[in-house]
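The values are calculated or read from the model by the stated rules, or taken from the named source; none is laboratory data. Everything numeric here is computed off the predicted structure, so don't read it as measured data. Backbone-built Cβ (ideal geometry, glycine too); neighbour counts: all protein chains shown. Calculation scope for accessible area: heavy atoms of the full protein, side chains included, ligands and nucleic acids excluded. Shrake-Rupley method; radii C 1.70, N 1.55, O 1.52, S 1.80 Å.
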Amino acid sequence: MTSQLPLDGEQLQDELDKLGQRIKRLREERGWSQDTFAHMVGMNRAYPNKIEKAKIDVRYTTLVRMAHVFGLTVGELLTFPFVPATSATEREDPPRP
């Protein structure tokens, strides 16, 4: 078993950013305003903005409630789409045979 170092502040912020982007995308796909989403989840109306802007750390119980409203499991909610580190124009050409 290999031990891993704890995440630093920047790495944690990156994860919160990804979660915020995911919540915003899911909410907008359904055509919900932040106020509507907040009401459905049972949270203060300012909370979705703070989550989407990665200004707060989200409690597990809040993740459970948000996942339920989206019709997802917490695992599905926390499964972020793959985003390549570089754009297609920055990638090298594939090796030629």
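Data table
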| read-out | value |
| --- | --- |
| Formal net charge of residues neighbouring VAL69 (Cβ-Cβ distance under 12 Å; K, R +1; D, E -1) | +3 |
| Point-to-point label distance, THR62-ASP35, nm (Cα→Cβ direction, 7 Å offset) | 2.1 |
| Ranking by accessible area, most exposed first, for VAL64, VAL69 with a 1.4 Å probe | VAL64, VAL69 |
| Intensity falloff of segment 17-65 expressed as log10 I(q)/I(0), Debye formula with alpha-carbon point scatterers, at q = 0.25, 0.26 Å⁻¹ | -0.96, -1.05 |
| Accessible area of LYS50 in the full protein assembly, 1.4 Å probe (Å², nearest 10) | 100 |
| Environment charge at LEU7 (Cβ cut-off 10 Å; Lys +1, Arg +1, Asp -1, Glu -1) | -4 |
| Positive minus negative residues near LEU78 (Lys, Arg vs Asp, Glu; Cβ under 12 Å) | 0 |
| GLU15 - accessible surface, heavy atoms, 1.4 Å probe, Å² rounded to 10 | 80 |
| Candidate residues PHE37, PHE80: accessible-area rank, largest first, probe 1.4 Å | PHE80, PHE37 |
| Under Karplus coefficients 6.51, -1.76 and 1.60, residue-wise ³J(HN,Hα) of segment 46-51 in Hz, glycine/proline x | 7, 5, x, 4, 5, 5 |
| Cα-centre dipole for segment 1-83 with unit charges at Cβ (Lys and Arg positive, Asp and Glu negative), debye to 20 | 360 |
